[in-house]
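Everything below concerns the one structure shown next.
Read-outs throughout are calculated quantities, based only on the coordinates presented, and are distinct from any laboratory measurement. Model, not experiment: these values are computed from the prediction. Quick reminder, even Gly has a Cβ in these numbers, built from the backbone with ideal geometry, and neighbours come from all protein chains shown.
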Amino acid sequence: MNNTIKLAVASALLAAASSASAAGGIVAGDWTLDIGGIVNAYYTSTKHSGDASTAYTAGANANGQNRQSNITTGLLPNYLSVSGKTRQNDLDVGFTISIQPGTSNANSLSYGTGQENRQAFITFGDASWGSVKVGKDIGVFASGAILNDMTLLGVGSAAGTLKGNTTTLGRIGSGFIYADFKPQISYTTPNFNGFSATGAVTQAWNTGADIGMLAGGTAGTSSQPAFEGQVSYAFTADAVNGKVWASGISQQIENAGTSSIDSTARAGDVGLNLNAAGFGVTGYYSEGKGIGHQFQFKGGVDASGNKRKSKDWYTQATYALPGVGTKLGVSYGESELFDTTVDTKGTVKTDMWTVGVYHPITKHLNLVAEYSEANDKQDAKGANAAKDSEAKTVSLGAILFF
């Protein structure tokens with residue numbers, strides 16, 4: 001039912017809740033329906049070393065030494081998306097519903113419990129004034145970071161643990177924070193010669209306790225929604241095309257910490273993607289206070305409710321071989337969560353570098369080979385010694401878009 005989904009845009013289209021473009025689709029009354037999706041699986045082998053029980057080396061033994069092999073999905077889950085569109089009362093009206101079944105399974109007579117329901121939304125609007133989205137879809141803040149990450153077609157980090165998960169982490173937590181899929185009401189402007197903007201009211205996340213090595217944080221709640229926005233500009237000049245963007249998020253944090261401090265968590269980012277003559281370059285940078293590490297609002301505040309500062313960045317370069325379409329890529333990124341005066345342990349830094357080969361053997365099917373080294377480090381503080389752990393992952397597999 002679908003046209004060819006180009007490798008360069010397929011993952012972004014699906015992750016951003018756009019079904020693959022269809023020439024006709026199924027006509028049902030006033031509606032045109034379409035089905036799109038992803039199926040992927042990878043063999044992964046991960047070697048852990050250093051200190052045990054950290055964000056990227058979960059699965060290491062007491063001495064931090066372990067090798068784990070799995071067959072699992074990559075950063076993108078398996079995906080089945082049903083969408084429909086129609087034109088009524090001078091409005092373009094549409095909907096998308098999707099499910100994401102997992103592949104990972106490590107127990108006999110157990111057929112996998114991992115399944116997500118990332119999308120269920122409606123849209124309505126017109127090319128003259130923009131579009132409104134109501135429902136659950138990818139968040140606005142930091143979405144540009146993950147949609148431009150080359151590991152979106154592969155595995156990246158966190159392949160060494162098998163717990164019925166639906167995905168690995170890719171570069172999440174080692175270059176950017178996860179945009180997540182959120183209940184929302186959003187508005188996107190028309191495209192003004194490449195410029196567009198999105199503003200959204202999204203479901204506030206409760207602030208979570210610490211993950212990884214930084215301990216002593218606390219959970220909190222929010223009685224107010226979160227506010228997210230993004231502006232972007234896409235351009236083409238001769239043989240060069242690209243996009244620049246900036247996004248932000250603001251959310252109230254309440255009842256967090258022993259002193260029940262009420263404050264506002266904020267974060268902002270900027271990104272750039274350039275492409276010319278088969279080469280692609282991406283750069284990304286983000287800072288926040290109270291936003292947390294790896295996942296939004298995880299570890300964002302200390303035991304007294306004070307906001308922790310965070311910083312994320314990554315850089316990436318790719319090259320598509322002429323005539324064959326094979327894409328070669330290398331990327332490096334870091335994420336830091338800075339300790340406060342209340343914290344008993346020091347600043348956490350996670351980083352990862354990845355090299356990958358992504359080869360289309362048909363217009364829908366791609367073979368992927370990746371190697372990633374992910375590191376967790378924590379500064380010494382007080383009586384607590386510094387920690388350092390590493391996870392090296394080789395992954396080989398295939399991903400199919402339809």
Sorted from fewest to most neighbouring beta carbons within 10 Å, what does the list Thr221, Thr151, Thr350 look like? Thr221, Thr350, Thr151
Fewest to most neighbouring Cβ within 10 Å: what's the order for Val330, Val324, Val394? Val324, Val330, Val394
Distance in nm between pseudo-label sites at Ala380 and Lys363 (7 Å out along the Cβ direction from Cα): 6.1 nm
Sort 244-251, 125-132 for me by packing, meaning the mean count of neighbouring Cβ atoms within 10 Å per residue, highest on top. 244-251, 125-132
Could you give me the ³J(HN,Hα) list for segment 76-91, computed from phi with Karplus coefficients 6.51, -1.76, 1.60 and θ = phi - 60°, whole Hz, x at Gly and Pro? 7, x, 4, 9, 10, 10, 10, 9, x, 8, 7, 10, 9, 6, 6, 10
Two pseudo-spin positions, 7 Å from Cα along C-beta at Asn191 and at Arg67, lie apart in nanometres by 4.9 nm
For segment 299-402 the mean separation of alpha carbon contacts under 8 Å (6+ apart) over residue count, i.e. relative contact order in percent, is 20 percent
Which lysines does Lys243 reach when only Cα atoms under 30 Å apart count, and residues fewer than 8 places away in its own chain are ignored? Lys6, Lys85, Lys133, Lys136, Lys182, Lys289, Lys298, Lys309, Lys311, Lys327, Lys349, Lys363
